[in-house]
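Quick note: the coordinates plus some simple rules give every number you see, no bench work behind them. All of these numbers come straight from a predicted model, not from anything done at the bench. Here the Cβ positions follow ideal geometry from the backbone for every residue, glycine too, while neighbour counts run over all protein chains shown.
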């Protein structure tokens with residue numbers, strides 16, 4: 001009888017590829033730290049975007065209200081701060097312009113104008129002696145305030161600062 005020597009073949013291949021558990025955990029920790037550092041910046045960016053969108057939308061509606069007052073030869077008034085049934089802040093325009101609602105994270109800075117603002121049939125402000133200003137504030141970042149001003153001439157301007165009246169250099 002011949003004696004044959006049997007050798008055990010290793011089950012692990014020499015060129016096996018993959019990641020160890022430790023390497024995967026290190027990558028996950030690095031991604032977690034990067035995400036934790038990025039979240040506040042995304043929150044601030046979203047607050048700016050939300051306030052910018054609301055301000056430009058209200059600005060455009062005011063410019064449209066002025067055009068509507070001139071074309072219809074009628075007075076258009078705008079009442080900011082009326083509580084809406086949905087709990088949101090908003091601005092109420094006289095017919096036919098309706099209501100402009102704000103997102104829940106955008107609110108008014110008090111005090112609001114003492115009387116409704118608006119436009120005469122000639123496109124002038126209904127308050128001929130004073131510039132009226134509405135200021136909008138982000139609830140996410142209370143330091144973020146944009147202003148919209150209505151001059152006695154009927155010109156509507158807005159700016160990204162808390163100044164009264166808002167004057168943009170064009």
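Starting at 0 and stepping by 10 Å, how many percent of the alpha carbon pairs of the chain end up in each bin?
For the chain, the pair-distance distribution reads 9, 28, 22, 9, 7, 6, 5, 4, 3, 3, 2, 1, 0.
Note the full-extension length gain between residue 77 and residue 26 as 0.36 nm times their separation in residues minus their Cα-Cα distance, in nm to one decimal.
Taking 0.36 nm per residue and subtracting the Cα distance, the gain is 12.2 nm.
If you line up the long axis of helix 21-72 against the longest principal axis of the chain, both from Cα atoms, how many degrees apart are they, to the nearest 10?
Once rounded, one gets 20 degrees.
Would you please give the FRET efficiency between residue 130 and residue 43, computed as 1/(1 + (r/R0)^6) with r the Cβ-Cβ distance and R0 = 35 Å, to the nearest 0.05?
0.45
Let me have the 222 nm mean residue ellipticity of the chain computed from DSSP H runs of 4+ only, each contributing -39500 (n - 2.57), with the sum over all residues rounded to the nearest 500.
-11500 deg cm²/dmol, from helical runs alone.
For Cα pairs less than 8 Å apart in space and 6+ apart in sequence, what is the mean separation divided by the residue count of the chain, i.e. the relative contact order in percent?
Worked out over the chain, it gives 18 percent.
Is the range 79-170 rounded, prolate or oblate when judged by the Cα gyration tensor, a ≥ b ≥ c being the square roots of its eigenvalues, rounded requiring a/c under 1.5 and prolate requiring a/b larger than b/c?
Here the range 79-170 falls in the oblate category.
Using the Kirkwood radius over C-alpha pairs as Rh, can you work out the diffusion coefficient of the range 117-157 via Stokes-Einstein at 20 °C, viscosity 1.002 mPa s, in µm² per second?
Estimated via Stokes-Einstein, D reaches 193 µm²/s.
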